[in-house]
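Peer 1: Could you have a look at this structure, given as structure tokens, before my questions?
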Amino acid sequence: MTRMGTAGVVWLVAAGLAIVTTIVFRTDPVQWVLTMAVGVPAAVLGLWLMARPSALAASASTVIAVAWGILYAVLTVLQADDVAALATDVFLLAIGLVAGVMTYRAAATARLP
């Protein structure tokens, strides 16, 4: 598997964890909508990076990683009083940013269409 494909797998894992966490634990409707709004595109991006890596997919990864980072950083601050929610949001923040950086680094060294 290529480095872009590996980054796609990490995006799929991040998206899967975010979506499952949202469905199971989130009760606030605004948080639910926002986390799904980054989780579903992250899953699509993961599949895209695995199937047909391209410069456009790498750019989309950067956009999603920035949105992901902002969202989960804000959720981390808002839920700082609940240790379980804080730990979950920090973990999801980290895995999304790792996926974004992995994609960026893979794209920097790859020959992409």
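Peer 1: Taking only the alpha-carbon positions of the chain and ignoring solvent, what does the Debye formula give for the base-10 log of I(q)/I(0) at q = 0.12 Å⁻¹?
Peer 2: Treating every Cα as an identical point scatterer, log10 I(q)/I(0) equals -0.39.
Peer 1: I would also like to ask the following. Let me have the relative contact order for the chain, percent, based on Cα pairs under 8 Å that are six or more residues apart.
Peer 2: Values: 133 pairs, mean separation 40.7, N = 113.
About 36 percent, as a whole number.
Peer 1: Indicate the gyration tensor shape class of the range 1-57 (rounded, prolate or oblate), computed on the Cα atoms with a ≥ b ≥ c the square roots of the eigenvalues: a/c under 1.5 is rounded; otherwise a/b larger than b/c is prolate and the rest oblate. Provide the component values of the computation, followed by the final result.
Peer 2: Numbers: a/c = 4.56, a/b = 2.37, b/c = 1.92.
It comes out prolate by the Cα gyration axes.
Peer 1: Next up: Taking the Cα centre of the chain as origin, work out the dipole magnitude from +1 charges on Lys and Arg Cβ and -1 charges on Asp and Glu Cβ, in debye rounded to 20. Each step should come with its number before you reach the end.
Peer 2: On the way: 5 positive and 4 negative charges, 129 e Å.
It works out to roughly 620 debye.
Laboratory data are not the source of any read-out in this text; all were calculated from the coordinates shown. Since the model is a prediction, treat every value here as computed from it, not as a measurement. Cβ atoms come from the backbone with ideal geometry, glycine included; neighbour counts cover every protein chain shown.
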